[in-house]
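Undergrad: Sending over a structure as structure tokens; questions will come in a sec.
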Amino acid sequence: MPVVDLAWQSVRELNAALHRLAAETNETLWEIANPNGKHAIVAGVDAPIGIEIKGHVGYYCAGMNKQASVRIHGNAGTGVAENMMSGTVHVMGDVSQSAGATGHGGLLIVDGNAAARCGISMKGIDIVVKGSIGAMSAFMAQAGNLVVFGDAGDALGDSIYEATIFVRGNVKSLGADCIERPMTEQDRTRLADLLGRAGFRDGVDPGAFRMYGSARRLYHFHIDNVSSY
């Protein structure tokens, strides 16, 4: 198992080594020691490997992740898993703003809380937050699912498109064109499947969540809605 100590090796060297990996590599488990809040750790990985980061990370950790399974044993700064394509990123602490921003696929799991703009402009990623999320989360979210076990801040789902938001706690306010929608049996099954992928095999009732999505009033410009644009 390769062990990279960022106390004396650079993030550039680490990322370059990961980018050189072939799809059939036998170096399938990596450990990163002493991340110490450095930025862009393991960004742009495109290989079916596991990465264990032993500590807190800075901005854009695991950005553009593809195929890899990344576990962060600490907190993460702005933009963790930004523009993620596939694979899994699991943060075992709290995350700063814009977690999972513009993500196209894969699964982001946050054990703690997420700050503002969680899932902003998400395009297919699934995000599960075990704590609460801040204001303007899922702003302009186009596709994918955001699941929140705790509470949601102001303007949840502002200008949302076809993404879905599930919240078990309280919602401070909904953004423009975001409404609560009735959950069908198909929606509950979809949520249960997602929770299973996030490690919740039992004990979590999908019916305890409320579902939010687009009212579809802002898809086309209309003068009656001008104050909402």
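The values are calculated or read from the model by the stated rules, or taken from the named source; none is laboratory data. Here the structure is a predicted model, which is why all the values come from computation and not from measurement. Neighbour counts are summed over all protein chains in view; Cβ atoms, including those assigned to glycine, are modelled from backbone coordinates with ideal geometry.
Undergrad: When both residues are 6+ apart or on different chains and their Cβ atoms are under 9 Å apart, which pairs have a first residue that lies in the range 188-212 and is within 24 Å of residue 161 (Cα to Cα), and a second that is at pLDDT below 95 and among the basic types (Lys, Arg)?
TA: Hits for this filter: 195/201.
Undergrad: So residue 165 fits all but one of (1) in a loop (DSSP other than H, G, I, E, B); (2) among the hydrophobic types (A, V, I, L, M, F, W, C); (3) surrounded by 21 or more Cβ atoms within 10 Å (Cβ to Cβ); what number is the exception?
TA: With (1) in a loop (DSSP other than H, G, I, E, B); (2) among the hydrophobic types (A, V, I, L, M, F, W, C); (3) surrounded by 21 or more Cβ atoms within 10 Å (Cβ to Cβ) applied to residue 165, the lone miss is (1).
Undergrad: Being over 12 Å from the mean Cα position of the chain (by Cα) and of a type in the set (D, E, K, R) is true for just one of 158, 111. Which residue is that?
TA: 158
Undergrad: Within the range 1-36, can you find the residues that are in a strand (DSSP E or B) and under 17 Å from residue 62 (Cβ atoms)?
TA: Within the range 1-36, 4, 29, 30, 31, 32, 33 qualify.
Undergrad: Suppose the filter is in contact with a helix residue (DSSP H, G or I) (Cβ under 6 Å, 6 or more places away or on another chain) and either assigned to a loop (DSSP other than H, G, I, E, B) or buried (at least 17 other Cβ atoms within 10 Å of the Cβ) (or both); does residue 139 pass it?
TA: Criteria not met by residue 139.
Undergrad: Right, another one. Would it be correct to say that residue 116 is surrounded by fewer than 24 Cβ atoms within 10 Å (Cβ to Cβ), under 17 Å from residue 137 (Cα atoms) and at pLDDT 95 or above?
TA: yes
Undergrad: Under 8 Å between Cβ atoms, which residue pairs at least 6 apart in sequence (or on different chains) link something in the range 76-93 that is in a loop (DSSP other than H, G, I, E, B) with a partner that is charged (D, E, K, R) and modelled with pLDDT of 95 or more?
TA: Listed by first residue and then by second, the contacts come to 84/66; 85/66; 86/66; 87/66; 92/71; 92/111; 93/111.
Undergrad: Looking at 15, 75, can you tell me which residue is under 25 Å from residue 138 (Cβ atoms), of a type in the set (S, T, N, Q), touching a Gly at 6+ places or on another chain (Cβ under 7 Å) and buried (at least 16 other Cβ atoms within 10 Å of the Cβ)? Before you say what the answer is, go through the steps one by one.
TA: Details: 15 fails: under 25 Å from residue 138 (Cβ atoms).
After applying the criteria, what remains is 75.
Undergrad: What is the residue count in the range 127-136 for residues that are hydrophobic (A, V, I, L, M, F, W, C), surrounded by 20 or more Cβ atoms within 10 Å (Cβ to Cβ) and part of a loop (DSSP other than H, G, I, E, B)?
TA: Here the count works out to 1.
Undergrad: Can you tell me which residues in the range 64-75 are over 11 Å from residue 41 (Cβ atoms) and outside any loop (DSSP other than H, G, I, E, B)?
TA: Correct list: 66, 69, 71.
Undergrad: Check 144, 105, 124 and return the single one that is assigned to a loop (DSSP other than H, G, I, E, B) and within 20 Å of residue 196 (Cα to Cα).
TA: 105
Undergrad: Identify all residues within the range 174-229 that are at pLDDT 90 or above, small (Gly, Ala, Ser) and outside any loop (DSSP other than H, G, I, E, B); write none if there are none.
TA: Of everything in the range 174-229, those that are at pLDDT 90 or above, small (Gly, Ala, Ser) and outside any loop (DSSP other than H, G, I, E, B) turn out to be 192, 196, 207, 208, 213, 214.
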